[in-house]
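Colleague: Have a look at this one before I ask anything.
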Amino acid sequence: MKQTERTIRESQGRISRRALLLGGVQVGIMGLLTARMRKMQLEEADNYRMLAEGNSVKIRLIPPARGLIYDRNGVLLAGNEQNYRITITREDSDDVDGLMGDLRKLVAMSDADAQSMLTELHKRPPTVPVTVADRVSWEEFSRVAVNTPALPGVTPEVGLSRIYPRHEDFSHLLGYVGPASDYDLSKIENPDPLLMIPGFQLGKLGVEAKLEEELRGKAGQRRVEVNSGGREMRELGRREGVPGENLQLTLDYRLQNYCLQRLGQDSAAAVVIDVTNGDVLACSSAPAFDANMFVRGISSTEYRKLTEDDHRPLSDKSVQGLYPPGSTYKVVSALAALEAGMVTPEETVYCRGYSEIAGRRFHCWKRGGHGHVNLVQSLEQSCDCYYYEMAQRIGIDRMSAMAHRLGVGVRPDLPMSAVQEGLAPTKDWKRERYGKEWLIGDSVNASIGQGFVLASPMHLAIMAARIASGRALEPRIIKSKNGVEVPHPEAPPLGLEQAWLDQVRAGMNAVVNGRHGSGGRSKIVMSEWKMAGKTGTSQVRNITAAERARGVIRNDQLPWRRRDHALFICYAPVDNPRYAVSIVVEHGSGGSTTAAPIARDIILFALSGGLPPLEAYPSSQRGGVEAERKNLNLVDPDVVARSGTSRA
Amino acid sequence: MSYLESNLKSVPTGFRKILYVNWPLVILLSAVASIGFLMLYSVAGGRLDTWAEPQMERFGLGMAAMFAVAFTPIWFWRNVSGLIYLIALLLLVAVELFGAIGMGAQRWLELGPVRVQPSELMKIAVVMLLAAYYDWLDVDKVSRPLWVLVPVLLILAPTFLVLAQPDLGTAVLLVMGGAIIMLCAGVSFWYFGTVIAIVCALVFTVLQSRDTDWQLLHDYQFRRIDTFLDPSADPLGAGYNITQAQIALGSGGLNGRGFMQGTQSRLNFLPEKHTDFIFTTLAEEFGFVGAFSLLALYGGILGFCLYSALLNKDRFSSLLTLGVAGTFFLFFSINMAMVMGLMPVVGVPLPLVSYGGTAMMILLAAFGLVQSAHIHRPR
């Protein structure tokens, strides 16, 4: 395209004019930008600076709802309830003491509480809100809420706190939660920032503590804009947390309640295990305490009452209490002897009331002796001399190996606090522990569950369940997590000869149902629920030769602390075992008199799924049983026993 | 035979071209980029490798590209401008078909290891093609309707492709960049007046279309408009950025809070603090002095471009230089106006400062064109 010089110059001139115009506009816009910048950065700088100082974005955690705990039927054992509390943030107030005084006009608070809260307020960093009044009533809460403008630093808050609707029934097993203490935090390597929230509750004991991670959940986050005072101005973003996992236990709330009621005022423990799969259906320790007291904040008098009680309500005797298992341990000795081939079922041992071993006299509980007894009879009548003989034949190590196979001396893998290992002693153990050689007398004592042997009620229940099932059952208390069944593979066989197991079972059957059975008074007469068991009475004191010569002092004449422990293990029904039960009554005098009747009631309750029909008891005892029931304070008592013919 | 071709003898050749490079412009560009490195280092919390280092590498590459473009005769670029436009258009279509999704929009094209944003290339390609078009067009015909329609179509074709991505910021830049060339080329003001009137009517219609069956913009775009009109209406979402950006900017004061001392920037409240919102960090940490200095540097770059354009007697060169400078001006003024709350938030980076590879490279290559026009200007 041909263009002349003139047109080119003309066009260039136009471009230049337009370019200058454009440049002018650009300069104008840049001037506008500068003006805006000047206005913001110079004129209003202080304003913005103040906003920037005060206006910082903070991350606030949203505490997740703690996982709920249910029993095997879906009945709530541990839940969360809303509560109202009042917090004070020191930095928002010029005069905390005055503020506290104003607050006390609105919220009831004792002088001592107010004083300790003030101390706490001054101890904590000024930015940390401190809960000064927890669980205030709705009226108090609204009174404070209405008056917040006049109470700088005071914030009424709604939070969740733990509640145990079944009160003391599950207190030992579940434990309780409490605010995370500095000590708790020091034990955790990399504590969840959640735990730093003042007053955030974490599991202190029992399942609550052992499954803390699962139950706690994950904190949500709120991004909030806070002013220089730390007060939230507005929420900028929110990410919900993950609530804790819900747990379902294998325990049955009615059976658990019944166990505790039936143990009554005694210092005792009861464990019920499902023989088919190892589910722990009840695990009670009496006396119990109300875990809600601890969540609410227990008063020092209440606490002192609990700690000074000689029945030790705070201790969970079912897994923490260790007792010489006494004669219940004879099933271990019997099985060990059979397994070792050191005795045949038919062979008899002569009991003349005592045995002379290594120059010492070991007494049978029956002064006159049992005469000739074979294995089944030795269990039936709980003859000590028979086992003194067995102890010498098989030695302690084989005995303890059998104990381990039956679960004694092995720590049960349960998410409960301070689960004890128990003790089935060996020669090596004594050498290591005491630096002394094992003596034959130690074996003799161990064979009847005295001396070094120690077992918890849980151990005894496992032992009974293993004998009843012939399988190495492992107890479990967690059935499912968040609705997902916890895998629980079928237990492998114990690997014991069926014939030997049958002999011991026959012996246990004879204990209850035999003519001379030591637990004969606790028979179940309903044929399909017949029970097999083993009594045990373990000494907590030495009986001197002198006392023996004078005549052994009867238990009811001894002070409570020195009386024998009463034990009983059992399973039922005899021919197709379903439940195994162990009972330990501390200083309960006699296994057959104290522990066995309790065990029978509990196993019947389990079998019938409620209070059992009176027909299960021998006719002479029905009146007494009925009378005793009136003292029980049962949950859902309207759920009455099913007919005797149906079976759980 | 054009005027340019008749004066070839006076154009520098070979290494002599180095002497004729517009060096002050190079220094100004480097200064602005250096401010960018500094700010990227700061917003990364004192880390080089997060953003600053990759940005430096790209700046180096971009500078090399700039010189390569600069030493290539300007008439070559005029001759290939149509081809470049076509390539950019095809790439935009390719993005539409195979593009990667980023921030809710299809913007990138994966070419082997390289990720390119064809829309960035298109911004320059439109300027080049229109400059070439008006270089070719008879001066008398510039304002004739048919000859006005051609460039309008050339602008609108890529604009619609970009809008489909959707990328409102780039679409605005394309239209305005093209309009600047048309304005400089001498298209009658009547057209601009008419178009502005039509746009106003269109905006009104678009706003009316909200929540109807024929809604013309995405919901997020409507929300951005809402946010612009009243940032505090949605403090949780989109308005949050604006409010916080203004607080950061304002709190800088005269001298700022000092390098790496900006409390607002430290708090991670801006999701795009290393890209579109980087100016707030500069304004907070270096205050009015720092922010104005950057604006002054930008102004200097514009000034040298304008000077070069006025000096040049070649129509293509002048128009191209003005177009590149105009686009550059649009970039930074829209970005600044946006963070200062004078404009709705559209995704426009602060040129040479914001983190971003393609934009930086294309922009430097475009300044290569300016340099080429400067070096090869008829004397």
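The values are calculated or read from the model by the stated rules, or taken from the named source; none is laboratory data. Please read these numbers as outputs of a predicted model, since none were measured by experiment. When we count neighbours, we look across all protein chains shown, and the Cβ atoms used for this are built from the backbone with ideal geometry, even at glycine. Just the protein is used for accessible areas: all its heavy atoms, side chains included, with ligands, DNA and RNA removed. Shrake-Rupley method; radii C 1.70, N 1.55, O 1.52, S 1.80 Å.
Colleague: If A:Arg563 satisfies all but one of (1) without any contact (Cβ under 8 Å) to a residue 60 or more places away in the chain; (2) of a type in the set (D, E, K, R); (3) farther than 20 Å from A:Ser456 by Cα; (4) crowded, with 19+ Cβ neighbours inside 10 Å, what's the number of the condition it fails?
Modeller: Here A:Arg563 clears every test but (3).
Colleague: Another question about this same structure. Being open to solvent by 30 Å² or more (accessible area, probe 1.4 Å) and either closer than 22 Å to A:Ala286 by Cβ or among the aromatic types (Phe, Trp, Tyr) (or both) is the filter; apply it to region A:598-625 and report the residue that is farthest from the chain's Cα centre (by Cα).
Modeller: Of all residues in region A:598-625, those open to solvent by 30 Å² or more (accessible area, probe 1.4 Å) come to A:611, A:614-615, A:619-624.
In the following step, the residues that additionally are either closer than 22 Å to A:Ala286 by Cβ or among the aromatic types (Phe, Trp, Tyr) (or both) were identified as A:611, A:624.
Values: A:Leu611: 26, A:Gly624: 34 Å.
Residue satisfying both the conditions and the ranking: A:Gly624.
Colleague: Yes or no: A:Arg466 in the same structural domain as A:Tyr579 (by TED's automatic domain parsing) and open to solvent by 40 Å² or more (accessible area, probe 1.4 Å)?
Modeller: Values: in the same structural domain as A:Tyr579 (by TED's automatic domain parsing): yes; open to solvent by 40 Å² or more (accessible area, probe 1.4 Å): no.
So A:Arg466 does not fit the description; no.
Colleague: Can you go through A:Leu77, A:Leu99 and tell me which one is open to solvent by less than 20 Å² (accessible area, probe 1.4 Å), outside any strand (DSSP E or B) and more than 7 Å from every other protein chain (Cβ to nearest Cβ)? Explain how you work it out, then say what you get.
Modeller: Working: A:Leu77 fails: outside any strand (DSSP E or B).
So the residue among A:Leu77, A:Leu99 that is open to solvent by less than 20 Å² (accessible area, probe 1.4 Å), outside any strand (DSSP E or B) and more than 7 Å from every other protein chain (Cβ to nearest Cβ) is A:Leu99.
Colleague: Given the structure, is A:Arg14 open to solvent by 60 Å² or more (accessible area, probe 1.4 Å), modelled with pLDDT of 90 or more and either within 60 Å of the chain's Cα centre (by Cα) or at the interface with another protein chain (Cβ under 7 Å from one of its Cβ atoms) (or both)? Reasoning before the result, please.
Modeller: Working: open to solvent by 60 Å² or more (accessible area, probe 1.4 Å): yes; modelled with pLDDT of 90 or more: no; either within 60 Å of the chain's Cα centre (by Cα) or at the interface with another protein chain (Cβ under 7 Å from one of its Cβ atoms) (or both): yes.
For A:Arg14, the condition - open to solvent by 60 Å² or more (accessible area, probe 1.4 Å), modelled with pLDDT of 90 or more and either within 60 Å of the chain's Cα centre (by Cα) or at the interface with another protein chain (Cβ under 7 Å from one of its Cβ atoms) (or both) - is not met.
Colleague: Same structure, new question: Let me spell it out: the conditions are (1) within 16 Å of B:Asp167 (Cα to Cα); (2) within 14 Å of chain A (Cβ to nearest Cβ), and B:Phe332 meets all of them except one. Which number is the exception?
Modeller: (1)
Colleague: Could I ask something else about it? Which condition from (1) touching a residue at least 40 places away in the same chain (Cβ under 8 Å); (2) over 24 Å from A:Val271 (Cα atoms); (3) open to solvent by 70 Å² or more (accessible area, probe 1.4 Å) is the one that A:Glu432 breaks?
Modeller: (1)
Colleague: Just the residues that are surrounded by fewer than 23 Cβ atoms within 10 Å (Cβ to Cβ) and in contact with a strand residue (DSSP E or B) (Cβ under 6 Å, 6 or more places away or on another chain), please, taken from region A:232-247.
Modeller: A:Glu232, A:Met233, A:Arg234, A:Glu235, A:Leu236, A:Gly237, A:Arg238, A:Arg239, A:Glu240, A:Gly241, A:Val242, A:Glu245
Colleague: Please enumerate the residues belonging to region A:385-421 that are of a type in the set (A, V, I, L, M), more than 15 Å from A:Ala472 (Cβ to Cβ) and out of contact with any Gly (no Cβ under 6 Å at 6 or more places or on another chain). So that I can check it myself, show each step before the final result.
Modeller: In the first step, residues of region A:385-421 are kept if they are of a type in the set (A, V, I, L, M); the result is A:390-391, A:394, A:396, A:399, A:401-403, A:406, A:408, A:410, A:414, A:416, A:418-419.
Still in the list and also more than 15 Å from A:Ala472 (Cβ to Cβ): A:390-391, A:394, A:396, A:399, A:414, A:416, A:418-419.
Of everything in region A:385-421, those that are of a type in the set (A, V, I, L, M), more than 15 Å from A:Ala472 (Cβ to Cβ) and out of contact with any Gly (no Cβ under 6 Å at 6 or more places or on another chain) turn out to be A:Met390, A:Ala391, A:Ile394, A:Ile396, A:Met399, A:Leu414, A:Ala418, A:Val419.
Colleague: Right, here's the next one. I need the full set of residues from region B:318-336 which are closer than 14 Å to A:Gly13 by Cα and either of a type in the set (Gly, Ala, Ser) or in contact with a Gly (Cβ under 7 Å, 6 or more places away or on another chain) (or both), in order please.
Modeller: B:Ser318 - this is the single residue of region B:318-336 that is closer than 14 Å to A:Gly13 by Cα and either of a type in the set (Gly, Ala, Ser) or in contact with a Gly (Cβ under 7 Å, 6 or more places away or on another chain) (or both).
Colleague: Which residues, counting only those in region B:243-277, are open to solvent by 10 Å² or more (accessible area, probe 1.4 Å), of a type in the set (A, V, I, L, M, F, W, C) and modelled with pLDDT of 75 or more?
Modeller: Scanning region B:243-277 gives B:Leu254, B:Phe259, B:Met260.
Colleague: Show the residue pairs that are 6+ apart or on different chains and have beta-carbon atoms under 6 Å apart, the first residue being within region B:349-375 and touching a residue at least 24 places away in the same chain (Cβ under 8 Å), the second being among the basic types (Lys, Arg).
Modeller: Short answer, once both residue conditions are applied: B:Gly357/B:Arg58; B:Met360/B:Arg58; B:Ile375/B:Lys17.
Colleague: Please verify whether A:Lys2 is farther than 30 Å from A:Leu249 by Cβ, out of contact with any Leu (no Cβ under 6 Å at 6 or more places or on another chain), open to solvent by 30 Å² or more (accessible area, probe 1.4 Å) and at pLDDT 80 or above, treating the condition exactly as stated. Explain how you work it out, then say what you get.
Modeller: Details: farther than 30 Å from A:Leu249 by Cβ: yes; out of contact with any Leu (no Cβ under 6 Å at 6 or more places or on another chain): yes; open to solvent by 30 Å² or more (accessible area, probe 1.4 Å): yes; at pLDDT 80 or above: no.
Answer is no for this residue.
Colleague: A further question follows. Can you tell me which residue among A:Lys317, A:Lys330 is surrounded by 23 or more Cβ atoms within 10 Å (Cβ to Cβ) and within 19 Å of A:Trp560 (Cβ to Cβ)? Quick ask: steps written out before the conclusion?
Modeller: Details: A:Lys330 fails: within 19 Å of A:Trp560 (Cβ to Cβ).
That would be A:Lys317, the only listed residue that is surrounded by 23 or more Cβ atoms within 10 Å (Cβ to Cβ) and within 19 Å of A:Trp560 (Cβ to Cβ).
Colleague: I've got another one for you. Take region A:19-51 and flag every residue that is at the interface with chain B (Cβ under 7 Å from one of its Cβ atoms), over 17 Å from B:Phe328 (Cα atoms) and at pLDDT 90 or above.
Modeller: Listed by number, the residues that qualify are A:Thr34, A:Arg36, A:Met37, A:Arg38.
Colleague: Going by the conditions given, is B:Phe279 at the interface with chain A (Cβ under 9 Å from one of its Cβ atoms), out of contact with any Pro (no Cβ under 8 Å at 6 or more places or on another chain) and at negative phi?
Modeller: On the way: at the interface with chain A (Cβ under 9 Å from one of its Cβ atoms): no; out of contact with any Pro (no Cβ under 8 Å at 6 or more places or on another chain): yes; at negative phi: yes.
No, not satisfied.
Colleague: Hey, another quick one. Looking at (1) in contact (Cβ under 8 Å) with a residue 12 or more places away in the chain; (2) open to solvent by 60 Å² or more (accessible area, probe 1.4 Å), can you tell me which one A:Ala112 breaks?
Modeller: (1)
Colleague: Still on this structure, I have one more. For region B:123-172, what are the residues that are outside any helix (DSSP H, G or I), farther than 23 Å from B:Val95 by Cα and either open to solvent by less than 20 Å² (accessible area, probe 1.4 Å) or within 13 Å of chain A (Cβ to nearest Cβ) (or both)? Write out each step before concluding.
Modeller: Within region B:123-172, the first condition is being outside any helix (DSSP H, G or I), and the residues that meet it are B:137-138, B:142-144, B:164-167.
Restricting the remaining residues to those that are farther than 23 Å from B:Val95 by Cα gives B:137-138, B:142-144.
B:Leu137, B:Asp138, B:Val142, B:Ser143, listed by residue number.
Colleague: Identify all residues within region B:55-81 that are open to solvent by less than 30 Å² (accessible area, probe 1.4 Å) and under 15 Å from B:Val127 (Cα atoms); write none if there are none.
Modeller: Step one: list which residues in region B:55-81 are open to solvent by less than 30 Å² (accessible area, probe 1.4 Å), which gives B:55, B:59, B:62-63, B:66, B:69-70, B:74, B:80-81.
B:Ile74, B:Val80, B:Ser81 - these are the residues of region B:55-81 that are open to solvent by less than 30 Å² (accessible area, probe 1.4 Å) and under 15 Å from B:Val127 (Cα atoms).
Colleague: Spot the failing condition for A:Arg505; the list is (1) touching a residue at least 24 places away in the same chain (Cβ under 8 Å); (2) open to solvent by 30 Å² or more (accessible area, probe 1.4 Å); (3) over 19 Å from A:Pro573 (Cβ atoms), and only one is missed.
Modeller: (3)
Colleague: Determine which single condition A:Ala65 fails, assuming it passes every other condition in (1) out of contact with any strand residue (DSSP E or B) (no Cβ under 8 Å at 6 or more places or on another chain); (2) modelled with pLDDT under 90; (3) more than 7 Å from chain B (Cβ to nearest Cβ); (4) in a loop (DSSP other than H, G, I, E, B).
Modeller: So the condition that A:Ala65 fails would be (1).
Colleague: Can you pull out the residues in region B:173-206 that are outside any loop (DSSP other than H, G, I, E, B), of a type in the set (Gly, Ala, Ser) and either within 14 Å of another protein chain (Cβ to nearest Cβ) or in contact with a helix residue (DSSP H, G or I) (Cβ under 9 Å, 6 or more places away or on another chain) (or both)? First the steps, then the outcome.
Modeller: Looking only at region B:173-206, we keep the residues that are outside any loop (DSSP other than H, G, I, E, B), and these are B:173-185, B:189-206.
From the residues that got through so far, the ones that are of a type in the set (Gly, Ala, Ser) too are B:177-179, B:185, B:193, B:197, B:201.
Of everything in region B:173-206, those that are outside any loop (DSSP other than H, G, I, E, B), of a type in the set (Gly, Ala, Ser) and either within 14 Å of another protein chain (Cβ to nearest Cβ) or in contact with a helix residue (DSSP H, G or I) (Cβ under 9 Å, 6 or more places away or on another chain) (or both) turn out to be B:Gly177, B:Gly178, B:Ala179, B:Ala185.
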